[in-house]
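The values are calculated or read from the model by the stated rules, or taken from the named source; none is laboratory data. Please read all numbers here as calculations on a predicted model, not as lab measurements. We place every Cβ from the backbone using ideal geometry, glycine too, and count neighbours over all the protein chains shown.
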Amino acid sequence: MIFLTLDAQQLHHLVIIDRVNLLSKQSILKYSWKSNRYNLYKFAHITDCHLGSWRNTKLRDLNLQAFEKSILISIKEQVDFILITGDFFDVNIPQLAPVKRAVEILKCARDSGIPIYMIYGSHDFNTANISMIDILHSAELFIKPTEFQFNNDSVILKFFVDKKTGAKITGISGRKIGLDKEFYEKLDKKRLESEDGFKIFLLHRGIQEIIPIDFQFKDSIPISLVPKGFDYYGGGHIHKRIEKKNDHGLIVYPGPLFGSTFQDLEETARGEKRGFYIISFDNQILDCKFIEINVAEILYKEISSEKWNSEKLEDEITKNISELQVKNKIVLIKVKGKLVGKRSNIDFGKFNLDISKRGALLSFINTYNLSSDETRAVVVRSDNKVDIESEIFRESIKNFHLESALSNKVKNQINSKLIGKAGQKISISLLDVLRNEKLENENTSTYDDRIFSYAKSIFDEEGYFYDN
Ligand SMILES: [Mn+2]
């Protein structure tokens, strides 16, 4: 009888409440808190959700499921607030279907009286244009604790005081390609350090001394630029789980909830756990617990060709695949090494088809590291998408020749802004812009205008010329 009076939205919430009940029965929640003190508080720390990423709809949905689970567990655990440290969306204007899901899930937390504090990541926004995340912020689905003001040449960050717990939260969003390094350098650290109370600092950046060497990006900052004396440092941007306590305080990078690249999924398959943190505190940290989120099992298999010919490689792949238990799993096959003969002799698609037919959720065959006689172009030894892209740009820029008819002024500008490292940097930014897909019902000219204005803003932001 009651159901007759519910609208679709309320029904959706009922479904979600039902899922919370199911989740509570899972063993991951069976930990007990050290303290039963009256004023024990808890917060959740989630990062790098990259909602809307993956062209493949199954992966896209699994990614959203991971986010939904993390929020439902946080609600069930009755956390007092939730921190999200950037790369909430995968691009600044994502497709609308994942945005709708994201809004519904954020609203669940808000309806349960749990505030969300969010800083932006490099993927979330474009400094010169309105992004989807700004619209969600306008709808007050979350609080941005990143307000600051300039005092002469120094940056004064403001604290946001969480009403219920009194925790003082502040942070710095991650911007495109290291724009915020200068911001850190100008930060009035003393003022932040002398503030009393339970303090949280949020950042979307790697800290050189904290993150492992193979996760070091060029935009990581030295720890000396980070203010000391905070109880908790919530990090985003690094797609690996890191938990370290040093004289700064407790520094935690939960890593992505699901992952947004094949490399992320490979790491998961190799045993890297994905999830988020629940931290309990009163006037200091009392407990720090990682909560694993596992929405699908990932199977990873590497096949290394040792100068095999195509028949031999094909046999080896067939043999390896037939031994795998693929049902309901994401299957990633990496074929690498040296192939004697032509790659085009092998129909890699048929292996995918075979794996899918046997009930796999998804199947991917990665042959980027398989070299053959035909391919002698740019050789990039990396699995990291960012490295591969920059390497290809670096090599291609080398082959660029200036037209002799250009004026010296233009030649100088090109040499200083578009050649070498500077050229590499801007190429990557522009490539990022081109990753924005056309939206549902967006017409071509609006799409062109949007992409053009993003591209132009990159030139403006970096102080490049674009007219002469
Ligand atoms: Mn990220």
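Residues of the range 302-317 that are crowded, with 17+ Cβ neighbours inside 10 Å and part of a strand (DSSP E or B): 303, 305, 308.
Number of residues in the range 235-258 that are without any contact (Cβ under 8 Å) to a residue 24 or more places away in the chain and part of a loop (DSSP other than H, G, I, E, B) equals 1.
Which one is nearest to the ligand (Cβ to nearest atom) among residues in the range 98-114 that are in a helix (DSSP H, G or I) and of a type outside the set (A, V, I, L, M)? The selected residue is 98. Test residue 78 against the criterion of being modelled with pLDDT under 95 and assigned by TED's automatic domain parsing to the domain that holds residue 170, and give yes or no. Judged against the criteria, residue 78 is not a match. Being over 17 Å from residue 121 (Cβ atoms), surrounded by 14 or more Cβ atoms within 10 Å (Cβ to Cβ) and among the polar types (S, T, N, Q) holds for only one residue in 154, 173, and it is 154. Could you go through the range 104-121 and let me know if any residue there is modelled with pLDDT under 95 and in contact with a strand residue (DSSP E or B) (Cβ under 9 Å, 6 or more places away or on another chain). Yes, the conditions are met somewhere in the range 104-121. Comparison of 439, 434 shows that the only residue that is aliphatic (A, V, I, L, M) and either exposed (fewer than 13 other Cβ atoms within 10 Å of the Cβ) or under 25 Å from residue 182 (Cα atoms) (or both) is 434.
Considered as a group, the residues in the range 248-285 that are away from the ligand (no atom under 15 Å from the Cβ) and of a type in the set (Asp, Glu) include one that is farthest from residue 198 (Cα to Cα), and that residue is 266.
Restricting the range 61-97 to residues that are in a loop (DSSP other than H, G, I, E, B) and within 21 Å of residue 238 (Cβ to Cβ), the residue that is farthest from the ligand (Cβ to nearest atom) is 92. Looking only at the range 318-359, residues that are part of a strand (DSSP E or B) and under 19 Å from residue 304 (Cβ atoms) come to 10 in all. Check whether at least one residue in the range 274-289 is out of contact with any strand residue (DSSP E or B) (no Cβ under 8 Å at 6 or more places or on another chain) and not β-branched (Val, Ile, Thr), and report yes or no. Taking every residue of the range 274-289 in turn, at least one turns out to be out of contact with any strand residue (DSSP E or B) (no Cβ under 8 Å at 6 or more places or on another chain) and not β-branched (Val, Ile, Thr). Scanning the range 152-181 for residues that are touching an Asp or Glu at 6+ places or on another chain (Cβ under 7 Å) and of a type in the set (S, T, N, Q), which turns out modelled with the lowest pLDDT? Of everything passing the filter in the range 152-181, 154 is modelled with the lowest pLDDT. Look at the range 99-112: where a residue is at positive phi, no partner that is surrounded by 15 or more Cβ atoms within 10 Å (Cβ to Cβ) and of a type in the set (D, E, K, R) sits 6+ places away or on another chain with Cβ atoms under 6 Å.
Candidates are the residues of the range 118-144 that are buried (at least 23 other Cβ atoms within 10 Å of the Cβ) and closer than 22 Å to residue 192 by Cβ; the one that is nearest to the ligand (Cβ to nearest atom) is 121.
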